[in-house]
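A.B. asks: What follows is a single structure, and I will ask about it in a moment.
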Amino acid sequence: MKTIVIVGGGAGGLELATRLGHKLGKKKQANIILVDRNRTHIWKPLLHEVATGSLDINSDGVVYRAHSSAHHYQFQLGAMLGLDRQQKTIRLQALNDEQGRELLPERDLAYDTLVMAVGSVSNDFGTPGVAEHSYFLDSHQQAENFHQALLNQFLKINQQSSEAELRLAIVGGGATGVELAAELNHVADLLQVYGMPDMSAKRLRIDLIEAGPRILPALPERIAAAAKRELNKLGVTIHERVRVTSADEHGFIANEGELIAADLKVWAAGVKAPDFIQRIDAFETNRNGQIVVKPSLQSTVDDDVFVIGDCCSCEQPDGSWVPPRAQSAHQMASQVYKNIMLGRQGKSLQSYVYKDHGSLVNLSRYSTVGSLMGNLTKGSMFVEGRLARLVYISLYRMHQVAIHGWLKASAVYFAQKIGSSVKPKMKLH
């Protein structure tokens, strides 16, 4: 029986494992194994909500081991260290407990077909001091770390004089940075209900720093302009055409030595593949470390290795490159599923063509802006307000349907609605 190993349980990896589990794993036609360094899945576009406490991963996350049991695949906890394409094995890092004691040694996992779905991380471009003094939001653990620091700062500011401010600086005017800035305002106001009566968004000073000429550079200008107007209403200071040259404990240093002071610093700029891909030196990669693929999403060096999601460098027929978005990962997972099934039948594999269904940016409870059906209207169908918010929420619900099925996804939805009526509106611990 063939073994299909999927490394990375993000949006694309988990959806693919679920579909293959139901199609092949349930019927014992193949072993489906999902590998991830975390025990729990959270939809990456929601990590900024984990960071602010608007989303609790303990109640809103998907536990891989429980999910695998219900959807006919196996789960292996571990981080990928290496790849032997001749022996067709991947090497997993040793697994330690919270005290650093080894639970499992380094081990090899054999495959017949390998799918790399390891996502992306923020790229600090080697900027001095950034790694030491900034928070990143590439994983739910990093988001949780920021959340704890944020709660501590809120507590500190609440005890100080009314003139004291909490200063936050966010580098990166993409969707993560923009949505985080808005969500921070929302949770600061919520704290008045939860024992911090002197805390509010008025005591926040948020600087959003973008090196390019405008925020949301990957989205249509009309969306960026609408988001900028909303952030200005919230009091967010937007710095455009400002390049950070270093960071220290006091803040970010930009351009000609200007200090943008901050108590908390977040780096949400740039995208690259995880560094281990370069270290294993097994693929053709681009300058961002992404794995270059054929139109079929097979790697250029090995037809038994598929690549999906943010770690994939896929050129389209018009010469453009597939953008690192959740919708790309979803579409790639569907294409690789089809191609794996075609390969099992001895048929030719199909090429992947990216379809842009538009882009949405959620500014917490304040607004949602975006464009719909980008592949048909070329981004001209502008939406905002309640309609945009409804579509934004539906994207997450569609992901839940993909990994749970309609019935269970509906049950999860109602359970979350019921839970939200009895638990705090933000995580307070």
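A.B. asks: Search the range 291-306 for residues being crowded, with 21+ Cβ neighbours inside 10 Å and in contact (Cβ under 8 Å) with a residue 40 or more places away in the chain, and hand back the single one that is nearest to L166 (Cα to Cα).
C.D. replies: The residue in question is I291.
A.B. asks: Identify all residues within the range 336-367 that are in contact with a Gly (Cβ under 8 Å, 6 or more places away or on another chain), touching a residue at least 40 places away in the same chain (Cβ under 8 Å) and in a loop (DSSP other than H, G, I, E, B); write none if there are none.
C.D. replies: L349
A.B. asks: Go through (1) out of contact with any His (no Cβ under 7 Å at 6 or more places or on another chain); (2) modelled with pLDDT under 95 one by one and return the number of the condition I57 breaks.
C.D. replies: Every condition holds for I57 apart from (1).
One line per residue, one yes/no per condition, for (1) among the hydroxyl-bearing types (S, T, Y); (2) in the same structural domain as Q86 (by TED's automatic domain parsing); (3) under 26 Å from Q86 (Cβ atoms):
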site: V301; (1), (2), (3): no, yes, yes
site: F306; (1), (2), (3): no, yes, yes
site: G319; (1), (2), (3): no, yes, no
site: Y337; (1), (2), (3): yes, yes, no
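A.B. asks: Right, here's the next one. From the residues in the range 335-367 that are within 19 Å of the chain's Cα centre (by Cα) and at pLDDT below 80, which one is nearest to L231 (Cα to Cα)?
C.D. replies: Checked the range 335-367; the qualifying residue nearest to L231 (Cα to Cα) is S364.
A.B. asks: Still on this structure: Among the listed residues G309, G370, identify the single one that is within 21 Å of G9 (Cα to Cα), crowded, with 20+ Cβ neighbours inside 10 Å and either without any contact (Cβ under 8 Å) to a residue 60 or more places away in the chain or within 22 Å of the chain's Cα centre (by Cα) (or both).
C.D. replies: None of the other options fit; the residue is G309.
A.B. asks: Then there's this: Considering the range 219-242 alone, what residues qualify as being part of a loop (DSSP other than H, G, I, E, B) and surrounded by fewer than 15 Cβ atoms within 10 Å (Cβ to Cβ)?
C.D. replies: If the condition is that a residue be part of a loop (DSSP other than H, G, I, E, B) and surrounded by fewer than 15 Cβ atoms within 10 Å (Cβ to Cβ), then G235, R241 are the ones that fit.
A.B. asks: Which residue out of A262, A169, A182, A227 is in contact with an Asp or Glu (Cβ under 6 Å, 6 or more places away or on another chain), among the small types (G, A, S) and assigned by TED's automatic domain parsing to the domain that holds H133?
C.D. replies: Result of the check over A262, A169, A182, A227: A169.
A.B. asks: Something else: Is there any pair with a first residue in the range 106-132 that is assigned by TED's automatic domain parsing to the domain that holds A329 and a second that is among the hydroxyl-bearing types (S, T, Y) and modelled with pLDDT of 95 or more whose Cβ atoms are under 6 Å apart and which are 6 or more apart or on different chains, and what are they?
C.D. replies: Cβ pairs passing all conditions: D108/T89; A110/T89; Y111/T3; D112/T3.
A.B. asks: Then there is this: Consider H147 against the criteria (1) within 21 Å of H250 (Cβ to Cβ); (2) not in a loop (DSSP other than H, G, I, E, B): it satisfies all of them except one. Which criterion is unmet?
C.D. replies: For H147, the failing item is (1).
A.B. asks: Sticking with this one: Restrict the check to the range 124-136 and report whether at least one residue is in a loop (DSSP other than H, G, I, E, B), modelled with pLDDT of 95 or more and within 22 Å of V361 (Cα to Cα).
C.D. replies: Yes, some residue in the range 124-136 is in a loop (DSSP other than H, G, I, E, B), modelled with pLDDT of 95 or more and within 22 Å of V361 (Cα to Cα).
A.B. asks: So, one more: Looking for whichever is more than 18 Å from I340 (Cβ to Cβ), in the same structural domain as P324 (by TED's automatic domain parsing), touching a residue at least 60 places away in the same chain (Cβ under 8 Å) and not polar (S, T, N, Q) here; the options are L20, L81. Which one fits?
C.D. replies: Checking each option against the conditions leaves just L81.
The values are calculated or read from the model by the stated rules, or taken from the named source; none is laboratory data. Only a predicted model underlies this, so the values are computations on that prediction, with no experimental measurement involved. Ideal geometry is used to build each Cβ from the backbone, glycine not excepted, and the neighbour counts take in all protein chains shown.
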